[in-house]
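Presented below is the structure to which this report refers.
The values are calculated or read from the model by the stated rules, or taken from the named source; none is laboratory data. If you're wondering where the values come from, they're calculated on a predicted model, not measured in any experiment. Ideal geometry is used to build each Cβ from the backbone, glycine not excepted, and the neighbour counts take in all protein chains shown. Surface areas here come from the heavy atoms of the whole protein model, side chains and all, with no ligands, DNA or RNA. Shrake-Rupley method; radii C 1.70, N 1.55, O 1.52, S 1.80 Å.
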Amino acid sequence: MTDEKWVAKHWLNVPGPFYTGLTDNCWTGRLVAPRHVLYGGEHRNEFVYRQPKTPDEVENVWRAADDDPLDGYADDGDERWTPEAVRAWWHDRDKVVEHVTELIAEWSTQSHPERVDAAQGGRDFLAYLAGDLEADLRAYVFRLDHGRDPAPGDVLPAL
C-alpha cells in the first residue's frame, strides 16, 4: 500500500520521512497538527508542510494520520526520497510558493474559522520556505547521504 501512497504523493509535501498520498479533504489534519499539515492542490487535500522534529510533533502528525479515513499518510520517506529528488523539489519551490500564495488569497476572503486557520497555516508555510526550510533540507540530504543526522562541524551539502 505504501508504494501506492508514494506514487500518489502530494506534490506539496516537504521532503522528509512523513508525506501524504491521497487523503480526504475534510480539513481535519490542522486540528491536531497545525504546524505540520496544510491543505492544497486541486482537491485541497492534506499534505505535510513541515516535518516533525520532536516526539510530540511526531505524535501530532500520527494523530492527523489516524483521522484520515483514506489512510493516506506514510512515514517511509527516508527510504524513498533521494538527494536528487530533494534538490528537484527545492528547485521547483517557486511553484509551491505561487500555489500557496493563491490559496492564502482565496482563504483570506472568507471568514469561516477553518479558512482563517488555513490562511494562517499558508503564511506559516511561506515563512518556513523563505527561512529555515533550506537548512532543514540540507540537513535532510546529509542524512540521506550519510545515514545519520549531521553533527556540529559537518558541512551540509548544497541544494
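Which net charge results for the neighbourhood of TYR19, defined as the other residues with beta-carbon distances under 10 angstrom from its beta-carbon, given Lys and Arg at +1 and Asp and Glu at -1?
Numbers: positive: LYS5, LYS9, ARG80; negative: ASP75, ASP76.
In short, +1.
Given 37 °C and 0.692 mPa s, how large is the Stokes-Einstein diffusion coefficient of the stretch 4-45 in µm²/s, with Rh as the Kirkwood radius over Cα pairs?
The calculation lands on 307 µm²/s.
For the stretch 39-159, what percent of Cα pairs sit more than 22 Å apart?
Details: 3216 of 7260 pairs.
Considering the stretch 39-159, 44 percent of its Cα-Cα pairs are separated by more than 22 Å.
So, in Å, what gap is there between the alpha-carbon centers of the stretch 10-58 and the stretch 133-159?
22
Accessible area of ASP92, 1.4 Å probe, to the nearest 10 Å²?
Taking all protein chains as shown, ASP92 has close to 60 Å².
Multiplying the sequence separation of ALA105 and ARG63 by 0.36 nm and subtracting their Cα-Cα distance, what value in nm do you get? Write down the numbers at each step before the final one.
Working: separation 42, 0.36 × 42 = 15.12 nm, distance 2.84 nm.
This chain segment gains 12.3 nm when fully extended.
May I ask you to give the average projected area over all directions of the convex hull of the Cα atoms of the stretch 1-90, in nm² rounded to one decimal?
Values: hull surface 21.4 nm².
With the hull built on Cα positions only, its mean projection is 5.4 nm².
Per Stokes-Einstein, at 37 °C and 0.692 mPa s, what whole-number D in µm² s⁻¹ belongs to the stretch 61-101, with the Kirkwood radius over Cα pairs as the hydrodynamic radius?
On the way: Rh = 12.4 Å.
Rounded, D is 264 µm²/s.
Any idea what % of Cα-Cα pairs in the stretch 102-152 are farther than 18 Å?
Details: 645 of 1275 pairs.
Percent of Cα pairs beyond 18 Å in the stretch 102-152: 51.
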